[in-house]
Structures are given as C-alpha cells and as structure tokens.
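In what follows, a single structure is set out as structure tokens and then discussed.
The values are calculated or read from the model by the stated rules, or taken from the named source; none is laboratory data. Since the model is a prediction, treat every value here as computed from it, not as a measurement. All Cβ positions, glycine included, derive from the backbone under ideal geometry; neighbour counts span all protein chains shown. Accessible surface is based on the protein model in full, side chains and every heavy atom, while ligands, DNA and RNA are left aside. Shrake-Rupley method; radii C 1.70, N 1.55, O 1.52, S 1.80 Å.
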Amino acid sequence: MARHHVIGAKADMSHWRLFGGRLWSIACLIVFLSGCSKPLPTDKVSYIGEWQGPHIYLLISASGEVEYEKEQGATRTSISGPINHFEGDNFSVGFGFIAADFEVSQPPYQAQGQWYMVVDGEELTKLF
C-alpha cells in the first residue's frame, strides 16, 4: 500500500511540474510582451493622447502602447498592444504576426486650438 502511495505521489508531482512549467512559460511571455513597447520617436510625440471620432477611439501613450476600438454597425474591433514601427505617418500595432496597420492620411495637426488626426479614413479629435 505504501508503494502505491509513493507512485501516486510521483504522478501528482509530475502533474504539478507540468502545470508549474506552463505557469513559468506564461509569466515569461507576459514579461517579454510587456517589454516590447518603446517610447514614441521624438518626431511622433504629437500622436500621444486620447483620440475620438464618430466610430473610432484611439489612445496612444508616450511609452508606445495603443488601445484602439472601432464600431461599425454591430461589429466592434478592439486592439491593444505596443507600436511596432512607423512607416511615414502610418504605424503598426501588435506582436509579430498578430499586428494591425493603421493608415494615417493626416498626421496630428492643430486648427483653432483643437488637435485633429485622420486615421483609417476617419477624422479624430484629441480629447487630452
């Protein structure tokens, strides 16, 4: 009976090792992904802020993190992640092959004391 108990204990330990290994992998992935954001380039600091349009909400932090939501009818799209890179005025958000490209047809500009930017064909107003 004691022998059976020892075998059972070993089986339980291997289960916990596997579970612990998964937790370790997830923790490493979180640390890796959180370290992927880079501060915005100095020529893009005008992008920083909270932007709102009729169908788009966009938050860009100084650390390069982005929160994006777009509503079109019953469809809602959300993206969160670091800015990977800029190509001209456009930028890409996400991790590796899980990324979204944003077309900026009009970079941030100021008119009558208010900031605007046109992203994916929609004019956004800077809230702060």
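Report yes if Trp115 is surrounded by 12 or more Cβ atoms within 10 Å (Cβ to Cβ) and in contact with a Leu (Cβ under 6 Å, 6 or more places away or on another chain), otherwise no. Answer is no for this residue. Go through segment 47-59 and give me each residue that's within 21 Å of Gly113 (Cα to Cα) and either within 10 Å of the chain's Cα centre (by Cα) or open to solvent by 40 Å² or more (accessible area, probe 1.4 Å) (or both). Once the filter is applied, which keeps residues that are within 21 Å of Gly113 (Cα to Cα) and either within 10 Å of the chain's Cα centre (by Cα) or open to solvent by 40 Å² or more (accessible area, probe 1.4 Å) (or both), segment 47-59 yields Ile48, Glu50, Gln52, Pro54, Tyr57, Leu59. Restrict the check to segment 46-59 and report whether at least one residue is of a type outside the set (Gly, Ala, Ser), out of contact with any helix residue (DSSP H, G or I) (no Cβ under 8 Å at 6 or more places or on another chain) and either more than 15 Å from Leu124 (Cα to Cα) or modelled with pLDDT under 95 (or both). No; the residues of segment 46-59 include none that is of a type outside the set (Gly, Ala, Ser), out of contact with any helix residue (DSSP H, G or I) (no Cβ under 8 Å at 6 or more places or on another chain) and either more than 15 Å from Leu124 (Cα to Cα) or modelled with pLDDT under 95 (or both).
Screening the candidates Gly73, Gly81, Gly88, Gly94 for the property of being more than 20 Å from Phe128 (Cβ to Cβ), open to solvent by 60 Å² or more (accessible area, probe 1.4 Å) and either small (Gly, Ala, Ser) or touching a helix residue (DSSP H, G or I) at 6+ places or on another chain (Cβ under 6 Å) (or both) yields one hit, Gly73.
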